[in-house]
Structures are given as C-alpha cells and as structure tokens.
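The structure appears below as structure tokens.
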Amino acid sequence: MTLEIIGISVLWLFLFLYVIVASIDFGAGFFNAYSAFSDKQHILTGIIQRYLSPVWEVTNVFFVFFFVGIIGFFPQTAFYYGTTLLVPASIALILLAVRGSYYAFATYGAKINHRGYIYMYGLSGLLLPAALSPVLAISEGGFMRLEGGQPSLDYWALFTSPLMWSIVVLSIAAVLYISAVFLTWYAWKAGDEKATQLVRKYALIWAGPTIVTATGIIFELRGHNPEHYANLLDLWWMFALSFLLFLGTVFLIWKKRNYGLAFILLVGQFFTAFFAYGASHYPYLLYPHLTIYDSFTNESMAIALIIAFIAGLGLLLPSLYLLFRLFLFDKDYVKGKSDYHA
Amino acid sequence: MAFQSRILTLMTLSFHIIYATIGVGVPLMIMIAQWVGIRKNDEHYILLARRWARGFVITVAVGVVTGTAIGLQLSLLWPNFMQMAGNVIALPLFMEVFAFFFEAIFLGIYLYTWDRFEDQRKHFLLLIPVALGAAASSVFITIVNSFMNAPQGFDVLNGELVNVSPLLAMFSPAVPTKVAHVLSTAFMTSAFVLASIAAYRLMRGSNHIYHKKALFLTMKLGLVFSVATAIIGDFSGKYLAEYQPEKLAAAEWHFETESEAELVLFGVLDGEEPKYAIRIPYALSILAHGVPSGEVIGLNDFPEDEIPPLWIHYLFDTMVTLGMWLAFFSFVYVVGAWRGWPIVTRKWFRWLTVLSGPLAMLAIQAGWWFTEVGRQPWILRGYMKTSEGATTSGQVDLMIVMFAGLYVILGIGTVVVLSRMYKRNPVEKELAQRESVKGGEES
Ligand code: HDD
Ligand code: HEM
Ligand code: HEM
C-alpha cells in the first residue's frame, strides 16, 4: 500500500462514519419536526434528547476531521475545492449553526421550545445533505472551469445537471432511511412501542426511494463520466452485495424482527456501496484535474500524519467505547429511567 | 479579495475566541470548584461546579459551531495559504482534531453522569480529560499561529517546498511564549468572567454565602493567573524583540534603533514624534532585553512596505493596561477580603468587580488583534503576503453579511438563554431543594 492510499482510505473511512452518525442526527431532527407538525410531538422528543444531545458534538468532530485531514494529506484540494466551494460550504456552515444552536439553546438551555425553532432544526437536517452532497457531483468533473489558472464553479451547469439532482435526492432519502432504521432499534430498546411503530413505518417508506435513486445515479454517470462508469461496473459484485444487505434490512424491519441486526446490515450496505464508489473514483479527487498522487503532501508530513493518526486512534477508540456503553448500550439510560444531567 | 477575506476571518476569529477562551478556561475552574467541594465536603462548591457546568454546555456548543466555521473558512478564504500550510504545518491541525474528539466525548459523559456514581471523585475524574482536551486544542492551534509568525522547518527551492520537517515547523521559536500566554490568559479571563457573575448576583440583592465563596475563589484564581500572564507577557516581548522586531517597534512607535529606549503609552503620533503620551524611561529596553542598556531595533531599519500598521500601538497598550489593572485590582480584592477591609463590599467596588470579566475579554481581543494585524503585510512572515494567500472567489462580501447575521443571533441567543436559565432556577431555590445545605466553613 502506498502512503497515498493509506491517506485516502483513512479519510474515506471517517467520511463514511460521519455519513452514518450525521444521518442519524439529521434525520431524527426532521422526524421530530414532522411529528410536531402533525401533533404527535412527544413521541420522539424524549428519544432524540436522550441519544442525540450527548453525542452531537462528537458527530461534528467527524466532519472537522475530514476537512482538516484532507488538507493535511492532499493540500492541493485546498486550492481547487477551497476556491470553488465558498458559497455552498458557507451555507452548510450556517445550517450546522442552526443545529448546534438548537442543542445549545433548546435542549440544554432554557428549553425554548418555540415551534418555529423546531421546524428550522428539522428542516436544516434535510437541507444539509442537499448542501453538502453536490461536492460529490462536482468531483465527477465538468462543473469547474479554470480561468487564468483560477478555478471557478459553473453554477448553471451544476444546477441543470440531472446528476447533481439525483445525488441530492439520494442524500436526502438516505439520511431519512438510515435515521429511521437506527431510531427503530433505539426506540425498541427503550421499550417505547408507539415510537417504534412510528419510525418503523418511516424506515419502510424511505427504503424504496433510497435504492431507486442510488441505482439511478449509476446510470446518470454513464453519460456524465464514462470512465468512472466503467470502473463502477467492474466492481458490480460489491454493489450486488450491498443490495443483498439492503434486502436483509428491509426484510427484518418489515417482519418486526431483530432490529439490531437490521441496523448492522444497513451499515454494511452503505459501507460496501460507499467503498465501491470510492474505489471506482480512484485515483481522482477531482476529474480530471486532481488525483491523489499529484495532490499528495510530502513524504515526511504523510508519515507524521499517519503516526499521529495511530496515536490518536489509541486515545479515541477507548473513549468512544465508553461513550457508547453509557448512552447506547446502558439499558436504564436508554429507557430514560435514569436522568443525571447536570 | 484579500480585503473581504480579512474582514470575514477577523469577524469569525474574534467571535470564536470569546467562546474558545471560556472553553479552555472554565473546565479548569469547574475542576477546582468541584475539588474544593469534595475536599471540604462543602455542598456549595459542588453546586457551584454544577451550575457552571450547565452554563458551560451552552458556550461550548456555540464554540463548536463557530470553531467549525473558522476551520472550514481557513480553506475557503485562504486556499493558497492553506495549500502551502497544509504541506508544512498540517500536523498540529490534525492533532487538534483528536483533542476535540477527546474533549467532546468526555464532556458528553461528564454532563450526563452527575450523581450517577456513588463516589463523587469518580465523576470528578471525568473532568480531567475535558480540561486536558480543551487546553490541548488551544495549544495545537496556537502552534499553527506561531508558525505563521516565525515559519521554519522547510526550504523553498525554485518555488517548491523541500526538506519539510513537520516537527521543526511545529516547534518554532514563537511557540513557548505564545502557548504559555494564550493558556494563562484563558484561565485568567475565565476566572474574571465567573467573578463578574458572582459579583453581579451580590449586587442584585442576593446576599447568599454561596456567591461570596464563588467570588473569593474566582478572584484568587484571577490574581494568580493575571500575575502569570504579566510575567509571560514580558517574555513575549523578548521573543518579539528577537524574532519579529518590526512588530514590537510598530507597537511602541519606536523609529530609531537605540539603547535605553523608553516605553510610550497611548498618545498620538505626529510625524515620528509621539505626543500627549505617557513615557516610561528605559522600560522598552527592559521589555525587549531585560536590561536598560538593551538595544531595540527601530522601524526605520525596515523596508517601508514591510512595516505593520502603526495603530497596533493602541491595541498593545490596551492589552497591557488592562493586564496591569486586573492584576492590581484582584490583588486589592483578595487582600481586602482576607483582612476584612470594608471597601471590598462597597457598591462601587462591586461594580468594578462586575467589570473585570468584560475587561479581560477585551484584553484578549486586543491581544489577538495586535499579533494578527502586527504580522501584516505577511500571512506567513517572510514567505507569503496576505494578498497572495486569499481566495479569488468574488462572493466573499455576501458571506460577510451572512455570517455577521449569524454571529449576532448566536451572541444574543447565548446571553438570553444563559440569563433565563439561571433566573428560572436561582441558587437559593436549588439549595432549598437539595435540603442538604451543610454550609461548610465561612470564607
Ligand atoms: C487577558 C488577556 C491579556 C492580558 C491581560 C495580556 N495579554 Fe498579551 N496577549 C494576549 C492576551 C493578554 C493574547 C490574546 O493571548 C495574545 C495574542 C496572541 C498571543 O499569543 O497572545 C497576546 C499577545 C502578546 C504579545 C505578542 C506575542 C506575539 O506576537 O508573539 C506580547 C508581547 C504580549 N502579549 C505582552 C503582554 C504584556 C507585557 C502584558 C502585561 C500585563 C500582557 N500581554 C497582558
Ligand atoms: C488560539 C485561539 C483558539 C483557541 C484557544 C481555540 C479553542 C477551541 C476550543 C476549546 C474549542 C472547543 C469548543 C469549546 O470548548 O468552546 C474550539 C472549537 C473549534 N475550534 Fe477553536 N480555538 C482557537 C482558534 C481556532 C482557529 C484559528 C481555528 C481554525 C483552524 C479553530 C478551529 C476550531 C474548530 C474546527 C472547532 C470545532 C471543533 C468541534 O467540532 O468540536 N479554532 N476551539
Ligand atoms: C482566536 C484568536 C484570533 C483572533 C481574534 C485573530 C484575529 C485576526 C485578525 C484581526 C486578522 C486580520 C488581520 C488583518 O487583516 O489586518 C486575522 C487574520 C488571520 N488570522 Fe488570526 N486571529 C486569531 C487566531 C488565529 C490563529 C490561531 C490562526 C492560525 C490558524 C489564525 C490565522 C489567521 C489567518 C490565516 C489570517 C488571514 C491572513 C492575515 O490577515 O494575515 N488566526 N486574525
């Protein structure tokens, strides 16, 4: 394995983790707002507060890890993506601020439960994937121009691209699907029958759109980026595996069986698809301008970063284990029997 | 777009530093209060720690939001700089992320496990990683900033970066003084901010011993850290004299290289002559070299276009004056409270105490503006000018408006939510509820 591959694998893995934990967070906020809207409010609020409030900052760090790490391993991305993403990334930051401030002001603080705030928080959960996912479309090439050596984004081409819109729709559907499957399990663990039924229904509703748009994107790519499309087809078996895992999740949820396993299968489904997509993108970070090889940092920095990563992981894994043991696997806490908030 | 990028960077960092300072300093204060509470078996200190922790959650959350903003904005607004910096100084930035992880995880655990353990001390232990993580994140980011001021650990050969040594880059000569000064000012400012709150409650009619204990504790800590700050600040001056003499000279309106240089406080500049200023003989030479005979390099020794703006003089003076004042004031308070001088309970004195938190925060702002503006025209001193580092995107103006709106809302939100939270649950009520008012010994 070359240093470049190690670097991109680490980043891709953390991005994957962010996608999963952030989807749970974003989707839960949306469901919460939706139930407030349809007057079923209190069904989900308790669950959301118990799981999301202690962990949302950790979720956020996964995002920070990705954008700091990519500058470290692939500094040239700062030049290309930094220049072009000013507007979409700033919008994403504002939306993240809406979410962070909701936790700060509404769940920890004075419990401002103004409806407008709940709706904004919920809506930000849908808008965030929509603001972040176009980066994937941009990385396929064709949306960035170099003018006098300076990159700039071709907004018109981007906004009229079916590829971009399918990616946006997929990201939203996937967020809701991932979140619903997780919450089904969590609500079931909490012994909350009503909430379980509600989120189980959401999981089944969003399974369809997720798989349809995911397949759709593969066909969009045929026209947009034939090279990438060919690479994708070479990895067909990974996508097939992913599809089987998907069927497994839906089956279990539908049969109301073994929700924990259902969630694990879902993680497997996204893991295989995410890595198959990533591998087929290789070696490009941005078609056709930037590959992981020509944007890579110098060797001494790469080695230093990898050593820091291993040391950091040694610190991180036990801490994460402790966190999850207390808030995810502790029966009394999950059931809301014990409340020890400061 | 350099100008707009500077404005937005300035805005985000100035806002973030308020929360970051609290984020670094307050965990230590909570730790000390909880420790004193456990040691003295005094319910008041434990409750103090608990109530501070509740407020702290809110400031942390806003700190995370604004920190994420500045982290991403560095790449969005300064892509050319970050491309270069990524090659040389990415290591501490990357390590900072692990510090964030560490802090965020244990903060979540700490907050949601009050009274969950039989043994209070176990809960106390959870706070150590929070305080360490917060301090470590400020150390790492300050290391990055030190590198911008005193870059090293690489060579430039035909426009290419070669011989990069990440460790050498991390430990630039600016690191020792800068890191120490940033940490001690964070502790000092947090102590004064908490003292302000206690003093304010005492002003507003609550005469509870709880607030008196809080005030005495925080003022003592404020005194310790403000003395440390002044001492380390003196070393920072010596660092500047050696490695960034143009910054020190601009801060002091010092034009001719000379020994036995005098320190100029405030005043206005008329040509090269400061007017209406307070002049302290030899003080600049002492600040720069420790002896009155030390020779201080003047601005006339530098090329015209490499001199920082001269108005940083006021920033430096503001910082130093406030630092001296706060050290003096907390000294008077601590001695007064200990010896029972009546003046410390006078109304005007209480008002001054209320002011100390905001003044310390002002000193932090003045200090950062001083270092950052004082680095101009460089973004990476000696290697890259600020204008070369900036983005070429034309939409920064719009982003300035957007983020300004965001920060106004977050700022107002913090104040409103914090004051509402404490008003709804005043300490008297909480103490009565706990029904275990043991009191502890008087302070
Ligand atoms: C509560 C805030 C506070 C207070 C009371 C002081 N400072 Fe300070 N100072 C800072 C907050 C600060 C800071 C915000 O933390 C800075 C900005 C960048 C840095 O490294 O620390 C800083 C920078 C800074 C620098 C520039 C270092 C550099 O550019 O590398 C010098 C020379 C001093 N300080 C000196 C002093 C002296 C002699 C003080 C006398 C009491 C003093 N400071 C009080
Ligand atoms: C020296 C000045 C700074 C200090 C002391 C500082 C400290 C902190 C602290 C303690 C936090 C955690 C939140 C909190 O506890 O309030 C934080 C958050 C953050 N800071 Fe700063 N910071 C400083 C400047 C910067 C700068 C210049 C950057 C940009 C590179 C930055 C990036 C971040 C990021 C990305 C977060 C969010 C981390 C998360 O998601 O948990 N900080 N900062
Ligand atoms: C948190 C406390 C900080 C504050 C309040 C602050 C303040 C400022 C100000 C006022 C400027 C504008 C200077 C000018 O345009 O004249 C600036 C620029 C800048 N700062 Fe800082 N700064 C802080 C910490 C940092 C740190 C720790 C870093 C390192 C990562 C950093 C990186 C930058 C960059 C890249 C610029 C733009 C380039 C320049 O103007 O030279 N800042 N900051």
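The values are calculated or read from the model by the stated rules, or taken from the named source; none is laboratory data. In this text, all values refer to a predicted model and were calculated from it rather than measured experimentally. Ideal geometry is used to build each Cβ from the backbone, glycine not excepted, and the neighbour counts take in all protein chains shown. The area values use the complete protein model at the heavy-atom level, side chains included, leaving out ligands, DNA and RNA. Shrake-Rupley method; radii C 1.70, N 1.55, O 1.52, S 1.80 Å.
Numbers below:
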| read-out | value |
| --- | --- |
| Filter result (within 9 Å of ligand 1 (Cβ to nearest atom) and aromatic (Phe, Trp, Tyr)) within the stretch B:179-206 | B:192 |
| Residue that is nearest to the other protein chains (Cβ to nearest Cβ) [pool: residues in the stretch B:125-136 that are within 16 Å of ligand 3 (Cβ to nearest atom) and open to solvent by 10 Å² or more (accessible area, probe 1.4 Å)] | B:136 |
| Single residue of B:65, B:88, B:60 found to be at pLDDT 90 or above, assigned to a helix (DSSP H, G or I) and of a type in the set (Val, Ile, Thr) | B:65 |
| Tally, over the stretch B:249-269, of residues that are out of contact with any Leu (no Cβ under 8 Å at 6 or more places or on another chain) and open to solvent by 50 Å² or more (accessible area, probe 1.4 Å) | 6 |
| Only one of B:214, B:169, B:228 that is away from ligand 3 (no atom under 16 Å from the Cβ), more than 22 Å from residue B:284 (Cα to Cα) and of a type in the set (A, V, I, L, M, F, W, C) | B:214 |
| Failed item, numbered, when residue B:186 is tested on (1) at pLDDT below 90; (2) touching a Phe, Trp or Tyr at 6+ places or on another chain (Cβ under 9 Å) | (1) |
| Residue check, residue B:393 more than 14 Å from every other protein chain (Cβ to nearest Cβ), closer than 26 Å to residue B:12 by Cβ and within 16 Å of ligand 3 (Cβ to nearest atom) | no |
| Subset of the stretch B:1-25 that is away from chain A (no Cβ under 13 Å) and open to solvent by less than 10 Å² (accessible area, probe 1.4 Å) - its residue that is nearest to ligand 2 (Cβ to nearest atom) | B:21 |
| Qualifying residue in the stretch B:143-154 (condition: within 16 Å of ligand 3 (Cβ to nearest atom), among the aliphatic types (A, V, I, L, M) and facing chain A (nearest Cβ under 10 Å)) | no |
| Enumerated helices (runs of 4 or more DSSP H) restricted to the stretch B:302-412, each holding at least 1 residues that are farther than 24 Å from residue B:81 by Cβ, open to solvent by 40 Å² or more (accessible area, probe 1.4 Å) and among the hydroxyl-bearing types (Ser, Thr, Tyr) | B:312-339 |
| Among the residues listed as B:364, B:379, the single one being of a type outside the set (Phe, Trp, Tyr), more than 14 Å from chain A (Cβ to nearest Cβ) and within 16 Å of ligand 2 (Cβ to nearest atom) | B:364 |
| Residues that are more than 29 Å from residue B:150 (Cα to Cα), of a type in the set (Gly, Ala, Ser) and either in a helix (DSSP H, G or I) or without any contact (Cβ under 8 Å) to a residue 60 or more places away in the chain (or both), drawn from the stretch B:169-207 | B:191, B:195, B:196, B:198, B:199, B:205 |
| Any hit, the stretch A:290-297, residues being facing chain B (nearest Cβ under 10 Å), over 30 Å from residue A:230 (Cα atoms) and of a type outside the set (Gly, Ala, Ser) | no |
| Qualifying residue in the stretch A:274-294 (condition: open to solvent by 70 Å² or more (accessible area, probe 1.4 Å) and part of a helix (DSSP H, G or I)) | no |
| Among (1) more than 18 Å from the chain's Cα centre (by Cα); (2) more than 7 Å from chain A (Cβ to nearest Cβ), the one test that residue B:87 misses | (2) |
| Members of the stretch A:77-112 found to be without any contact (Cβ under 8 Å) to a residue 40 or more places away in the chain, closer than 21 Å to residue A:126 by Cα and more than 7 Å from chain B (Cβ to nearest Cβ), listed by number | A:95, A:98, A:106 |
| Any hit, the stretch B:96-108, residues being at pLDDT below 85, within 18 Å of residue B:30 (Cα to Cα), within 9 Å of chain A (Cβ to nearest Cβ) and outside any loop (DSSP other than H, G, I, E, B) | yes |
| Residue, nearest to the other protein chains (Cβ to nearest Cβ), within the stretch B:47-73, restricted to residues that are without any contact (Cβ under 8 Å) to a residue 40 or more places away in the chain and within 12 Å of ligand 2 (Cβ to nearest atom) | B:61 |
| Residues that are modelled with pLDDT under 85 and either within 16 Å of ligand 3 (Cβ to nearest atom) or under 19 Å from residue B:113 (Cα atoms) (or both), drawn from the stretch B:5-43 | B:43 |
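Yes or no, residue by residue, for (1) open to solvent by less than 10 Å² (accessible area, probe 1.4 Å); (2) within 19 Å of residue B:57 (Cβ to Cβ); (3) in contact with a Gly (Cβ under 6 Å, 6 or more places away or on another chain):
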site	(1), (2), (3)
B:87	no, no, no
B:102	no, yes, yes
B:112	no, yes, no
B:123	yes, yes, no
B:141	no, no, no
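Yes or no, residue by residue, for (1) out of contact with any Asp or Glu (no Cβ under 7 Å at 6 or more places or on another chain); (2) closer than 17 Å to residue B:196 by Cβ; (3) of a type in the set (Ser, Thr, Tyr):
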position: B:318; (1), (2), (3): yes, no, yes
position: B:327; (1), (2), (3): yes, yes, no
position: B:335; (1), (2), (3): yes, no, no
position: B:338; (1), (2), (3): yes, no, no
position: B:342; (1), (2), (3): yes, no, no
position: B:376; (1), (2), (3): yes, no, no
position: B:388; (1), (2), (3): yes, no, no
position: B:395; (1), (2), (3): yes, no, no
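Here's the yes/no breakdown for (1) away from every other protein chain (no Cβ under 14 Å); (2) surrounded by fewer than 19 Cβ atoms within 10 Å (Cβ to Cβ):
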position: A:29; (1), (2): yes, no
position: A:38; (1), (2): yes, yes
position: A:54; (1), (2): no, no
position: A:60; (1), (2): no, no
position: A:68; (1), (2): no, no
position: A:71; (1), (2): no, no
position: A:75; (1), (2): no, no
